[in-house]
Amino acid sequence: MILSRRSLLLSASAATAAATGVTREVFIASPKPGTAVLACAWYTERRGGKMASPEQRRSRPDTVDMAYYRHSTDFGKTWSAPESRPTGEKRPEGMLRRHPRAGWVDPQTGRHIEFWVEGVLPSDDPLEGLRQWNVFYSVAGGAARQAIHRGAEFKARHPWPGIWTGKNSVMIGDMPCRPLAVRGGRILVPVSFTRIDANGSVYNPTGAYTYHDSAVLIGRWRNARELEWEMSAAIQADPARATRGMAEPTLAPLADGRILCVLRGSNDKRPDLPSYRWHSFSADGGRTWTQPAPWRYAEGGEPFFSPSACSQLLDHPNGKLYWLGNITPVNARGNRPRYPFVMGEVDRRSGLLQRASLRTIDGRGPDDDPL
């Protein structure tokens, strides 16, 4: 799985990458045909080589069959034996599903936080998550806590403004949706959520596979093990231009203090529409966001085609900001094709992608299926 290796692919110096391209190797191989592997790695302390790496195995879309965790003390050169963590549990009301999301170290306190999404699916249909998912976290391996908006009116089944578990949901879209630390000790966690329409159903104005808005959860430390939360204003699409809304946001800081958010769009059900990647800016620490617009190249301002897929902004210690995702030479159709997979540098002033910096990490091989 190409997207699983982003944390390790960029360990080489920028000079080496510029001279030779990004080196690549298989991080974790699929154990058998029909099983997809999603894996990533992150540091668990502010300094030193301690890392954690979860591996998810999937045999059907949007369902984690089992998760395995490994640890390293030498910057990922060697890893411990994998330890299994069950991700499903039968309950009287349905199947409890837990989907791991990436961990993160708060650079200001050094506290290590792990995130995941969790929900009980009555008939174990992944699409039931549109009404059931909630965000959970733990600090330094401590107790599991649900992220809930501050204020007496908010509880486990009504965790955020406009969110009522069983009717709609909020989730961290995937591993690349990583937190960002901002001024004042605040932590921004990018999320996607579903709305409720006038009939009490999940809002889907286009009839596409799914439809989401995006936002960030803004956390402040209440104590060493718990955060106080509130939700930002929504980032919402024009359904006539992006048929599945705005989903799977990824965040990074710019030179002037603004925050860049790059989002997944789609032309599902409307393949005549251009399959753009989208972006939005916040000038107030993530509380409000500009109307999303097609993301563009810094050179000339031309938009580019990108399938409906997750991507990641990576604020690298070398001072540069990279983007990892898919760019296609012709218009994509919904989710496909998800190749080639590329990385490129983002201009810190404009927040736009520098076309000249793009490097292909991988593409479709001769024995790969066209999809």
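Within segment 46-93, being over 22 Å from the mean Cα position of the chain (by Cα) and part of a strand (DSSP E or B) holds for Ser72, Glu83, Ser84, Glu89, Lys90, Arg91. Restricting attention to segment 297-327 and to residues that are under 20 Å from the mean Cα position of the chain (by Cα) and of a type in the set (Ser, Thr, Tyr), the residue that is farthest from Arg264 (Cα to Cα) turns out to be Tyr322. Only one of the numbered conditions (1) hydroxyl-bearing (Ser, Thr, Tyr); (2) part of a loop (DSSP other than H, G, I, E, B); (3) closer than 30 Å to Phe154 by Cβ; (4) under 19 Å from the mean Cα position of the chain (by Cα) is not met by Thr250, and that is (2). Under the condition of being out of contact with any Leu (no Cβ under 8 Å at 6 or more places or on another chain), among the hydrophobic types (A, V, I, L, M, F, W, C) and either closer than 19 Å to Leu217 by Cα or surrounded by 20 or more Cβ atoms within 10 Å (Cβ to Cβ) (or both), the residues counted in segment 271-308 number 2.
Yes/no per residue for (1) surrounded by 15 or more Cβ atoms within 10 Å (Cβ to Cβ); (2) under 17 Å from Ile172 (Cβ atoms):
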position: Lys90; (1), (2): no, no
position: Trp116; (1), (2): yes, yes
position: Pro126; (1), (2): no, yes
position: Ala144; (1), (2): no, yes
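Inspect all residues belonging to segment 229-237 and state whether any of them is buried (at least 24 other Cβ atoms within 10 Å of the Cβ), at pLDDT 95 or above and closer than 16 Å to Pro176 by Cα. No, segment 229-237 has no match at all. Filtered by the rule that a residue be assigned to a loop (DSSP other than H, G, I, E, B), in contact with a Pro (Cβ under 8 Å, 6 or more places away or on another chain) and polar (S, T, N, Q), segment 145-173 gives a lone residue, Thr165.
For the residues Gly162, Gly184, Gly207, the requirement of being out of contact with any Ser or Thr (no Cβ under 8 Å at 6 or more places or on another chain), over 26 Å from Ala41 (Cβ atoms), surrounded by 15 or more Cβ atoms within 10 Å (Cβ to Cβ) and of a type in the set (Gly, Ala, Ser) singles out Gly162. Within segment 115-128, residues that are within 26 Å of Ala52 (Cβ to Cβ) and among the hydrophobic types (A, V, I, L, M, F, W, C) have Cβ atoms under 9 Å from residues that are assigned to a helix (DSSP H, G or I) and modelled with pLDDT of 95 or more in these pairs: Val117/Gly129, counting only partners at least 6 apart in sequence or on another chain.
The values are calculated or read from the model by the stated rules, or taken from the named source; none is laboratory data. Quick caveat, the model's predicted, so the values are computed rather than measured. Here Cβ is always computed from backbone atoms with ideal geometry, including for glycine, and neighbour counts include all displayed protein chains.
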